[in-house]
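Note sheet for the following structure.
What follows draws every value from the coordinates through simple rules; no lab data is involved. None of these values were measured; they are calculated from a predicted model. Note that we place each Cβ from the backbone using ideal geometry, even for glycine, and neighbour counts take in every protein chain shown.
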Amino acid sequence: MDEKRGPLDIAGRKVAIVGTSKTTRYKAPVDDPDWAIWTLGNNYKKANVPRRDLHFEIHNFDDGVTRWHEDYIKWLRKPTDPVIVQAETIHCPSGIVYPLADAIDAFERYFTCSIAYMIALATLKGAKAIGIYGCDLAQDVEYAYQRPSVEYHIGYARGQGIEVLIPDTSDICKTAELYGFETAGGGMMNPLLKCLDARRMELSKRAQFIDHEIESKKKEQFILAGALENMRWMQQWRPVQFQGDGEAADNDE
């Protein structure tokens, strides 16, 4: 983060919102100093996102500290990294309280996920461009209720003249077909189909990795089973006891 700027001094700047999806996270412009980098989730790790200007933890801390990973809790308690939070908390000394009242006044009560809050804040603070990476919102079960809110705030930002950049392989602002102009199964290579291809490749790689891990564990299990069988055999074996003259000891009392 630029020492001369506060974490929310983004008027006229570009803001990259970086989520955890590996499909598009790598496209975030972390090496471009013209972009402010906003992260969430496990992107507090530099291994995931090497540069960050602001992190968001919108969830309730009293609940979170009972279930979050210990490493994340320790990081949040550091006084150095600015984090957007619901309210002041001893668990995050560098926390900056989210301006919820201002956001509701500007955008109404339509926030169903952290990404929506992030887009809204970037809009409120005067960003000239917003890029959305690693925030695909692709799974229907988990994200079906979240995506419309994100798309609403994207539309609002664009209506304010803010450029919003979304990777082609993201599901956000995509549809399977244009109503009335495209038919299902028509085969047109629209952005959603590109997204599906990318998602399929990612899932295939993950499945192959898991298959490899399973095979490796099976081999390890086989080795351990052999070692245990050997130990059982050794425990059953009893040496014959001998007395000093070389004759077997009489075990009769």
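Working ranking of peptides 166-174, 108-116 by packing, defined as the average number of other Cβ atoms within 10 Å per residue, highest first, is 166-174, 108-116.
Do any trypsin sites (Lys or Arg not before Pro) in region 1-51 lie in a loop, going by DSSP, with at most 15 other beta-carbon atoms within 10 Å of their beta carbon, and if so which? All intermediate terms of the calculation are to be shown ahead of the outcome.
Working: sites: 4, 5, 13, 14, 22, 25, 27, 45, 46, 51; in loops: 4, 5, 13, 27, 45, 46, 51.
Loop-located and lightly packed - 4, 5, 45, 46.
Straight-line reach from residue 217: which lysines have a Cα under 20 Å away, not including same-chain ones fewer than 8 places off? Excluding near neighbours in sequence, the set is 205.
Backbone amide hydrogens, once placed in the peptide plane, bring residue 40 within less than 5 Å of 18, 56, excluding anything fewer than 5 places away on its chain. For region 55-94, the list of GluC sites (Glu not before Pro) that fall in a loop by DSSP and count at most 16 other C-beta atoms within 10 angstrom reads 88. Only one residue of 137, 106, 44 has its Cα farthest out toward the positive end of the dipole of region 7-142, where Lys and Arg carry +1 and Asp and Glu -1 on Cβ, and that residue is 44. Above 15 Å, the calculated P(r) of region 22-97 contains 54 percent of its Cα-Cα pairs. With the convex hull drawn around the C-alpha atoms of region 14-165, the volume per residue stands at 114 Å³.
Using the structure shown, list the pairs from 125/174; 14/78; 45/128; 22/46 with a Cα-Cα distance above 19 Å, or answer none.
Working: 125/174 27 Å; 14/78 27 Å; 45/128 27 Å; 22/46 14 Å.
Violating the 19 Å limit, Cα to Cα: 125/174; 14/78; 45/128.
Summing Lys and Arg as +1 and Asp and Glu as -1 over all other residues whose Cβ lies under 9 Å from the Cβ of residue 163 gives a net charge of +3. So, counting K/R as plus one and D/E as minus one, what does the shell of residues with Cβ under 14 Å around residue 211 add up to? It works out to a net charge of +3.
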